1. Mind ordering 80-90, 14-24 by average Cβ neighbours within 10 Å, highest first?
2. Computed from these coordinates, which is semi-axes √(5λ) of the Cα gyration tensor in Å: (1) 18, 17, 16; (2) 24, 20, 16; (3) 22, 18, 14?
3. Using a 10 Å cut-off on Cβ atoms, rank the peptides 35-48, 66-79, 112-125 from the highest mean neighbour count down.
4. Could I have the simple spin-label model distance between residue 59 and residue 75, label points 7 Å from Cα toward Cβ, reported in nm to one decimal?
5. How high is the FRET efficiency between residue 12 and residue 44 when r is their beta carbon distance and R₀ equals 25 Å, given to the nearest 0.05?
6. Subtracting the Cα-Cα distance from 0.36 nm times the residue separation, let me have the gained length for residue 5 to residue 119 in nm, one decimal.
7. Using square roots of five times the C-alpha gyration tensor eigenvalues, list the equivalent-ellipsoid semi-axes of region 29-106 in whole Å, biggest first.
8. To the nearest 0.05, what FRET efficiency results for residue 19 and residue 105 with a Förster distance of 22 Å applied to their C-beta separation?
Amino acid sequence: MANAAFEEIVETFDFLPGWEERYAHVIDLGRAMVPLDEALKVPATRVEGCASQVWLMPRLTDGRLHFQGDSDALIVKGLVAIITTLFDGLTPAEVLAVDAQAELARLGLDAHLSAQRTNGVRAMVQKIRQIAASQ
């Protein structure tokens, strides 16, 4: 149920020869994100449960959710980019139907992230699901 932009990330991961290159790609994805305005980095947009500071800003347009995010850590900012790409442009019902664990497993991240980062990824997915459920 992943969108085309997430499928592109999966294809790129499959193409890259090893985890050093994949980590570099995750960091590049984070660097390519538009930074979240400092005024939006408030408790309401902060994701609890992440070791790094993470913010997610949702926007509902024409019945579809769009997300902007940011983090104070490069690798985590890249993870924010991946997660927001997975859910961006979906309706709230579609967001709730996504098996995020299965989709993210296609990238092999679960085997290559620390326990803290894995918990942070879960926290980001949970926050997005809460946002979708409240729409």
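What follows is calculated from the coordinates using simple rules that are stated; it is not laboratory data. Bear in mind the structure is a predicted one, so any value in this text is a computation, not a measurement. Cβ sites come from the backbone with ideal geometry, for glycine too, and all protein chains shown count toward neighbours.
1. Most protected by this proxy first, the peptides run 80-90, 14-24.
2. Among (1) 18, 17, 16; (2) 24, 20, 16; (3) 22, 18, 14, the one calculated here is (3).
3. Numbers: 35-48: 12.2, 66-79: 20.7, 112-125: 16.9.
Packing proxy ranking, top to bottom: 66-79, 112-125, 35-48.
4. 3.1 nm
5. Efficiency for this residue pair is about 0.15.
6. Numbers: separation 114, 0.36 × 114 = 41.04 nm, distance 2.39 nm.
That works out to 38.7 nm of additional length.
7. Details: eigenvalues 78, 50, 26 Å².
Calculated on Cα positions only, the semi-axes equal 20, 16, 11 Å.
8. Efficiency computed from Cβ-Cβ geometry: 0.90.
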